[in-house]
Amino acid sequence: MTADKEKLGDHNLVAAMPFGIIRLDVRKAQNLIIEIGRGNARSRASELTQSVICTLVNAAIIVQANDAACKLADFNREQLLSEPLATILTEDACRTISNDLLDLFGGSSGTSSEGRLLRPGKEGLSVVLNLWLAEGGDFPDSVYLGITNISGRVTSEQMRDDLQSKLAHAGRIAMLGEMTASIAHEVNQPLGSIIASAEAGLRWLDRTEPDLAEVKALLERIAGSGRRAAEIVAAMRSMARNKKAERELVSVNMIIDEAIVILRSDLVKRQISLRLDLASELPEVSVDRTQILQVIVNLALNAAQAMSDGEAWNRTLLIRTRRDSETTIIVEVSDSGPGVDPNVGEKLFESFYTTKQTGIGMGLAISRAIVEAHGSKIEFQSSPHLGAHFSFRLPLPSKSGLHDGIHG
């Protein structure tokens, strides 16, 4: 009788827990890790192929699940028992659990990570996944998986991200409003060229002997001006669109090219020369393209305004990119203006703080929030009468990551 009660000990404990607990038979998973020679090497799942990860998670079999776990996974107990763990996990969560199993079999006392449960016909559920070995219990070949619902917390984070996206969008619209005259001039230039070239082409065609070579050259000029106008409109639309923050793999130098399209006319109006020092063959970065474009335009526009307001005689704006390390790329924006007053310092990045007569003082605050959301920060250095230097780093995606290229 005593032996029977001992055998039921772990079972009753699992059933009584208020959070989800699943017991896994991991003997096949252990054998698989031994076979691939990774059990003691503490290898990461990122080093494994997707097929091996699937095999590993499918080798962990669900042999017990309490009521809370069944409710979270939206399965009844009969459906879950004897099924592989992969049945209830998203692809990303399978990779995470593979990592955790490798750590667990490599000597870790327990692991904790975040993932999502697959639920039939429903949206995935955000959870914390805790793994630990059943050492000295009734089931020595088992691993326990604890599941805690964090969807409420994730919803709060999503609301925060949505608010930040809306604020960033408002900042872009305000910035475009400040540049309306320059943008109109930038669009009118290619349109004026198109009209002039078309009228000249008509005159060449009206001659007794039309000069087709001249007409062809004019048509090529029209096509070039049309492409230029299209580039300007595309850059404006990119800045003005209101979309959910979404990361993609993109060249930071291409983003700077877009920024120059937006800034060119304003720089000419302010008599500012532009220098570009863009490192070649830089790896792509995983960023929100529109938001990083906003940061670069904002930093450059602030530098241009500082130079024109400070009556600098040598007005030069420098934008530089370089590989800062094996894991980051650095973007630098420097000017030859009057510099930043030492008493201002960090106030530059505070909301509603501005040293200009116009503007509401949100541009740099929004830019800082965007860069921080990308895991970095804006740094600046300044010397009186020698200009200001702003920079920020962008992390390179992991070479081994399965789904490099997308946050919010």
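A short reminder: the numbers here are calculations on the coordinates, not readings from a lab. Note that the structure is a prediction, hence the values are computed from the model and not measured. Positions of Cβ are backbone-derived with ideal geometry, glycine not excepted, and every protein chain shown enters the neighbour counts.
At what distance in nm do the modelled label points of GLU114 and GLN50 sit from each other, each positioned 7 Å from its Cα along Cα→Cβ?
2.4
Where Lys and Arg each count +1 and Asp and Glu each count -1, what net charge lies around LEU81 among other residues with Cβ under 11 Å from its Cβ?
Here the charged neighbours net out to -1.
Quick check: Cα centre of the range 106-126 to Cα centre of the range 252-282, how many Å?
Comparing the Cα centres of the range 106-126 and the range 252-282, I get a distance of 45 Å.
Calculate, for ALA230 and THR328, the FRET efficiency according to 1/(1 + (r/R0)^6) with r their C-beta to C-beta distance and R0 41 Å; round to the nearest 0.05.
Here the calculated transfer efficiency is 0.75.
Quick one: length gained pulling LYS216 to GLN79 fully straight, 0.36 nm per residue minus the C-alpha distance?
The LYS216-GLN79 span can extend by a further 42.1 nm.
Once label points are set 7 Å from the Cα along Cα→Cβ at both SER383 and LYS269, what is their separation, rounded to one decimal in nm?
3.2
What distance in nm lies between label points placed 7 Å from Cα along the C-beta direction at LEU276 and ARG207?
3.7
Could you give the length gained on full extension between GLU91 and PHE19, defined as 0.36 nm per residue of separation minus the Cα-Cα distance, in nm?
23.6 nm
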